[in-house]
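The values are calculated or read from the model by the stated rules, or taken from the named source; none is laboratory data. All of these numbers come straight from a predicted model, not from anything done at the bench. Here Cβ is always computed from backbone atoms with ideal geometry, including for glycine, and neighbour counts include all displayed protein chains.
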């Protein structure tokens, strides 16, 4: 072998090594970039991965599309064949059926919930209160002694405010609706809806002259003899402060002055002592599971849209794809990696690095069944579009990971059901909106 040929081979080998080293460097750099931008510090002991809490203010981590170029493309991280991948959910179902069964001796009382990780029981308002409890629940503190909380001498209201507080009203839940009761001295029409809060939702229910409670509306010739106002104190923004309740009480007092009535307010400290543990539970269960489908190069927007629409997803006005149940309520959603909006124009002209599928635990009924359906869809899209299924740590979705996520979903929904908040039900829609 001549020296020139040997030199050429050595130079060729050196070039190959340089290219391989550069590719390894780029892959390592890109993986680090994805981890830094996908993940945050909210680790869960069960998942050993990020659980996205809606109350974090950043429900899904983002990867800017502009920073993801073909030169930075990561190697495939899902090593299973399509057939192997499609069997993942079947393995998860068979391996977890026994673990998800609650033992017959484990019971939960009306006033407590037991956290799965061993946290102490927390009090939740029982469904019924005795006379002594009700008296304490409506005791006025000095800060709540407003003008219309004092009965007018020589005048009698059309309704007894304490009797009103005992009425079972389906529009309210005393665990998280702060209630004010107003009994009028004379029948009155409601000429306009009062301004009772600028921050939180409230409902106004009126008692008509035939003693029927209904949503109050300013309808001519409809007279009321009393009203019940409920301020929703818990939402995805958290529990309102005592200052917010005081502002609401003052507005309710002004409304009572306008309508000429006697006002009865729920004791704020007693209410907050009940609402706080419920808010803690809401913060714990209010989680979104995100599974990311990442392309090895790029996928065209038209191909992406065609594939997700074949599975039943529809593009909504907010720029996300939604899969709805038979009643039209959204179950799963698909969003871009960088949280930008999908639009018809962009989908027709742009390539995407991938997308994220979201599973909102509190809004999805029957989490066990729906999570299996969710994973089936993710596997199908992965196979059709040549995408890699990864978690927030840019790791392949192993059977173990999926089993833990599935169990996590089931456990969180069990917590909700113990306090009679059905996932996807009316109360869940109110609390997690």
| said: Checking residue 395 against (1) surrounded by fewer than 19 Cβ atoms within 10 Å (Cβ to Cβ); (2) modelled with pLDDT of 95 or more, only one condition comes out false. Which one? | reply: (2)
| query | Looking at (1) assigned to a helix (DSSP H, G or I); (2) crowded, with 18+ Cβ neighbours inside 10 Å, which is the only condition residue 359 fails? | reply | (1)
| request: Report whether or not residue 402 is farther than 26 Å from residue 174 by Cα and in contact with a strand residue (DSSP E or B) (Cβ under 6 Å, 6 or more places away or on another chain). | output: no
| Do we find that residue 241 is buried (at least 21 other Cβ atoms within 10 Å of the Cβ) and over 19 Å from residue 333 (Cα atoms) in this structure? | no
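Results for (1) loosely packed, with under 13 Cβ neighbours inside 10 Å; (2) modelled with pLDDT of 95 or more; (3) in contact with a strand residue (DSSP E or B) (Cβ under 7 Å, 6 or more places away or on another chain); (4) farther than 21 Å from residue 146 by Cβ, shown as yes or no for each residue.
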{"site": "201", "(1), (2), (3), (4)": "no, no, yes, yes"}
{"site": "205", "(1), (2), (3), (4)": "no, yes, yes, no"}
{"site": "215", "(1), (2), (3), (4)": "yes, yes, yes, yes"}
{"site": "219", "(1), (2), (3), (4)": "yes, no, no, yes"}
{"site": "224", "(1), (2), (3), (4)": "no, yes, yes, no"}
{"site": "248", "(1), (2), (3), (4)": "no, no, yes, no"}
| query | For residues in the range 328-349 being buried (at least 16 other Cβ atoms within 10 Å of the Cβ) and in a loop (DSSP other than H, G, I, E, B), which is nearest to the chain's Cα centre (by Cα)? | reply | 339
| Given the range 241-327, what strands (runs of 3 or more DSSP E) lie entirely inside it while holding 2 or more residues that are without any contact (Cβ under 8 Å) to a residue 40 or more places away in the chain and either assigned by TED's automatic domain parsing to the domain that holds residue 416 or touching a helix residue (DSSP H, G or I) at 6+ places or on another chain (Cβ under 8 Å) (or both)? | 313-315, 321-324
| remark: residue 309: passes all of (1) crowded, with 19+ Cβ neighbours inside 10 Å; (2) more than 19 Å from residue 364 (Cβ to Cβ) but (1)
| strands (runs of 3 or more DSSP E) contained in the range 144-221 and holding at least 1 residues touching a helix residue (DSSP H, G or I) at 6+ places or on another chain (Cβ under 6 Å) | 177-189
